[in-house]
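**Student:** Please read through the structure below; I'll follow up with questions.
Just so it is clear, none of the values below were taken in a lab; they were calculated from the coordinates. Quick caveat: nothing in here was measured; it's all calculated off a predicted structure. No Cβ is skipped: glycine too gets one built from the backbone with ideal geometry, and neighbour counts run over all protein chains shown.
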Amino acid sequence: MDWIGHTNEDGDQQKLIDHLNNVSKLAGEFSAKFGMRNIGEINGNFHDVGKYSPEFQERVRGGTNRVDHSTAGAQLTKALYDFGNITDLLISLPIMSHHSGLCDLGSSGDTPDSPTFRARMKRKNLSNYGAYQSEVKKISLDTNQIKEVLDKLDQSSSETERYLYMATLTRLLYSSLVDADFLDTEAFMSRGKIKRKNGDAIVEIYEAVKEKLDKKGWLKEASLATLNGRRSHILRTAMEKGKNTDPGYFRLTVPTGGGKTISSLMFALEHAKRNRMAHIIYVVPYTTIIEQNADVFREFAGERNVLEHHSNYEFQEDEYGLMMRLASENWDIPIIVTTSVQFFESFYSNRSSSCRKNHNLVNSVFVFDEAQKFPVNYLSPCLNMIHELVDYFGCSAVFCTATQPALDNYLNNFKVVEEICPSVQNQFDFFQRTTYENLGIFSSDALVDRLEKEHCAMCIVNTRKIAQDLYKSLKDKVPEEILFHLSTTMHKADREKTLEMIRSRLKNGQKVILIATSLVEAGVDLDFDTVFRQMAGLDSIIQAGGRSNREGKRNKEDSKTYIFELEGAKSASSQKMEIEITKSLFKKGIDCNDPDAATVYFHELYDLKRSLDCKDILKKEENYQLKTIGKEFKLIEEDSSLIVIPNEENKDAIARMQSKYGTKDDLKMIQRYSVSMPHQRIKQFYNLGKIKPMEAITNLFILMDQEAYDENIGLLLENDEGGNAIFW
């Protein structure tokens, strides 16, 4: 009898033993990156032995019966390789989980009908898969690998540290197995038509980028009294540091305008080249930064070497788009630019599709751009992930920002964090472009009067509703062509059009007044004479100041960043603590131009936060509650949906999507003219008859009331706490 693993749509059959051999080889290669080749091979070799049952063979030939083949592999490997909890976690649990997702370890008291690992190991009514012995050969367990694990556990500083290391190793072995399983299954089911391309080697990318920098003259020494000379100095210092350091923790503290993006890229390339690291992964909080950084990296490193991965990105329907879409599944590409959501949630996920990429985190350089935006309520589990990967799995972490968070005290047992460009104070003194002044409390009318008199000013407020109200008040007092608004109540097409008009007027020296939310505080290169910032967290205020005299064309004294409190405005619940700390620091006379100001602020913020692990993720990780963590670790707590704004450009795409004949290009078109709103707001709009669900697509609504959207300010809001442009 032929034992079949898969049948494709043409009726071709893949022998089960061929699938097991292929997955064993691939999983071994993936696991070898962290010294676990033998265990990876064992996991691949036995993951589908439960398919040797007559019941499964009936199913693979067209039957409909359900067969639990994963538990069979787990129970068999427990019998063959029993080193207690170590082999349970590193072999049997990944095999058991390879279809259903990482399961909770459970306890000895769990009954067989429970979904935990301990419970399923007690199940007795599995189909007879004994025929595996006719084809599958036992792979000897390399006890040296087990000894290496035991040695690391012995060297751990605490019991907690031991548990967390084992949980991370389990996650990486699981990732290696499920990615190998996906890839071999994909190759057979597609009849070999899907060809994955992995980009160039890091050394080749480094040489190409360096050549382009040389041609631009960015590596030449120049006077430190000039802006370009200072940027070149920072870049060359970062490169020198990269080529002379072993993996570890690094900090790149560069003022706004100092060339942080290219300097961090060249540090990472030099460092990866020296230490034979495979990937550079940029982790950023804003989609605006992702798009901007990815464009820069594609220009210098070549588009085939750069993956832009976030939920707003749509892959093109061409060869390059297919290559990038496939790479997004497992991050097998040299440079990845992604969100904090993708990075942290994939690691703590239990779903096989999300976990595939985790083994490619090993031997990588992580660059955390705008590191001050780490999610405070999940700071401890996020830092734990970084700690595990850096200290045990050959990675490096670069915390990159102009406003460094005070992470040192929270990197428990971590190595020293090295500064890439040590002359931080000197750099900040040179790049000071604005003078900060706290104006105190302003009424709305007083603020409008003040803004009306400005020639080139931006005012950043804390909520989208305040931004809309302020715009409406100014609209009655200033010519329409000089007044602009930017927030996430506007769809992407209108935001882009508005930015283009603003940049044109700024370039021509024409009068501009912009009302915005924190959308513009990072990743949007604008340069105003004067910035007004509603009282917020100190890091946001400093980021806002970076938009005043950005290019240094004016004296610092003539370029002001004003901080104000708006009379009668309620602070969003998520901002109250940050605002109170900032107000307290202003009373103490803190200087926003001092590079230590942000560190002081974050020290106080982290000390006052009741929890840096709001869901007790690390305690659950110690107990191997891996499925539970996958459900609970969500950096975005509030669910949202898209509201499509119909117009002449997208009406045909909407019609095709509603008729179920829409394409990916149609969906991309619709997303370009959509606004994301929390479900509470969606419910309000729906009850008022302003929107209706789009047929055939979940979480997508069509705006029915055309007067509810204004191209200048977006969806009209009654009240709103939203304002942050963070996309984790």
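**Student:** With no solvent and one point per C-alpha, what does the Debye sum give as log10 I(q)/I(0) for the range 202-416 at q = 0.14, 0.16, 0.18 Å⁻¹?
**Tutor:** The Debye formula, applied to the Cα set alone, gives -0.84, -1.11, -1.41.
**Student:** Nearest 0.05, what FRET efficiency do Glu496 and Asp10 give at R0 = 41 Å with Cβ-Cβ as r?
**Tutor:** The value I calculate is 0.35.
**Student:** I'd like the orientation of helix 597-608 relative to the chain: the angle between its Cα long axis and the longest Cα principal axis, in ° from 0 to 90, rounded to 10.
**Tutor:** Helix 597-608 sits roughly 60 degrees off the main axis of the chain.
**Student:** Follow-up. As an exercise, use a Förster radius of 30 Å and the Cβ-Cβ distance of Lys216 and Asp246 to find the FRET efficiency, rounded to the nearest 0.05.
**Tutor:** 0.50
**Student:** Pairs of Cα atoms under 8 Å, at least six residues apart: use those to get the relative contact order of the chain, whole percent.
**Tutor:** Computed over the chain, the figure is 13 percent.
**Student:** If you place +1 on the Cβ of every Lys and Arg, -1 on the Cβ of every Asp and Glu, and leave all else neutral, what size is the dipole of the range 190-242 about its Cα centre, to the nearest 20 Debye?
**Tutor:** For the range 190-242, the charge dipole is close to 480 debye.
**Student:** What's the Kirkwood radius of the range 640-715 in Å, using all Cα pairs?
**Tutor:** Evaluated over the range 640-715, this radius sits at 12.4 Å.
**Student:** Subtracting the Cα-Cα distance from 0.36 nm times the residue separation, let me have the gained length for Arg274 to Leu688 in nm, one decimal.
**Tutor:** 143.0 nm
**Student:** Once every DSSP H run of n ≥ 4 in the chain is given -39500 (n - 2.57) and the sum is divided by its residues, what mean residue ellipticity at 222 nm do you get, rounded to the nearest 500 deg cm²/dmol?
**Tutor:** Helices in the chain give a 222 nm mean residue ellipticity of -13000 deg cm²/dmol.
**Student:** Semi-axes of the equivalent ellipsoid for the range 4-189, please: Cα gyration tensor eigenvalues, times 5, square-rooted, ordered largest first, whole Å.
**Tutor:** Taking √(5λ) for each eigenvalue gives 28, 19, 14 Å, largest first.
**Student:** Moving on to the next point. Considering every pair of different Cα atoms, what Kirkwood radius, in Å, is found for the range 127-192?
**Tutor:** Every distinct Cα pair counted, the radius reaches 15.3 Å.
**Student:** So which aspartates and glutamates can Lys453 reach, going by Cα to Cα under 16 Å and dropping same-chain residues fewer than 8 places off?
**Tutor:** Asp445, Asp476, Glu480, Glu481, Asp529, Asp558
**Student:** For Cα pairs less than 8 Å apart in space and 6+ apart in sequence, what is the mean separation divided by the residue count of the range 202-416, i.e. the relative contact order in percent?
**Tutor:** Relative contact order, the range 202-416: 24 percent.
**Student:** Hey, another quick one. Taking Lys195 as the anchor, which lysines have their alpha carbon closer than 25 Å to its alpha carbon, excluding any fewer than eight residues away along the same chain?
**Tutor:** Lys15, Lys25, Lys33, Lys357, Lys664, Lys668
**Student:** For Asp142 and Asp652 in the same chain, what is the full-extension length gain: residue separation times 0.36 nm, less their Cα-Cα distance, in nm?
**Tutor:** Taking 0.36 nm per residue and subtracting the Cα distance, the gain is 177.5 nm.
**Student:** Explain nothing, just compute: Karplus ³J(HN,Hα) = 6.51 cos²θ - 1.76 cosθ + 1.60, θ = phi - 60°, for every residue of the range 551-564 in order, whole Hz, x for Gly and Pro.
**Tutor:** Calculated HN-Hα couplings, in order: 8, x, 7, 10, 5, 4, 5, 8, 10, 9, 10, 9, 9, 9 Hz.
**Student:** Taking H as built 1.01 Å from N, whose amide H comes closer than 5 Å to the amide H of Lys560, not counting residues under 5 places away?
**Tutor:** Thr435, Val531
**Student:** For Lys477 and Lys634, FRET efficiency with R0 = 60 Å and r from the beta-carbon atoms, rounded to 0.05?
**Tutor:** For R0 = 60 Å, the calculated efficiency reads 0.85.
**Student:** For a quick protection proxy, order the peptides 245-252, 61-68, 652-659 by their average other-Cβ count within 10 Å, most packed first.
**Tutor:** Going by the mean number of other Cβ atoms within 10 Å, highest first, we get 245-252, 652-659, 61-68.
**Student:** Further question: Between Leu608 and Lys25, what length comes free when the chain is fully extended (0.36 nm per residue of separation minus the Cα-Cα distance, one decimal in nm)?
**Tutor:** That pair, Leu608 and Lys25, stretches by 204.9 nm at full extension.
**Student:** Further question on the same structure: Counting only the backbone N, which residues of the range 120-141 are under 11 Å from the spot 7 Å out from the Cα of Phe83 toward its beta-carbon?
**Tutor:** Correct set: 141.
**Student:** For the chain, what is the convex hull volume of the alpha-carbon atoms per residue, in Å³?
**Tutor:** 174 Å³
**Student:** Still on this model: Which value, in debye to the nearest 20, describes the size of the charge dipole of the range 202-416 about its Cα centre when Lys and Arg Cβ atoms bear +1, Asp and Glu Cβ atoms bear -1, and nothing else is charged?
**Tutor:** In debye, rounded to 20, the range 202-416 gives about 720.
**Student:** I've got another one for you. Any aspartates and glutamates with Cα under 16 Å of the Lys619 Cα? List them, leaving off those in the same chain fewer than 8 positions away.
**Tutor:** Straight-line reach from Lys619, under 16 Å: Asp104, Glu159, Glu161, Glu388, Glu632.
**Student:** Under a Cβ-only charge scheme (Lys and Arg +1, Asp and Glu -1), can you give me the dipole magnitude of the chain about the Cα centre, in debye to the nearest 20?
**Tutor:** For the chain, the charge dipole is close to 520 debye.
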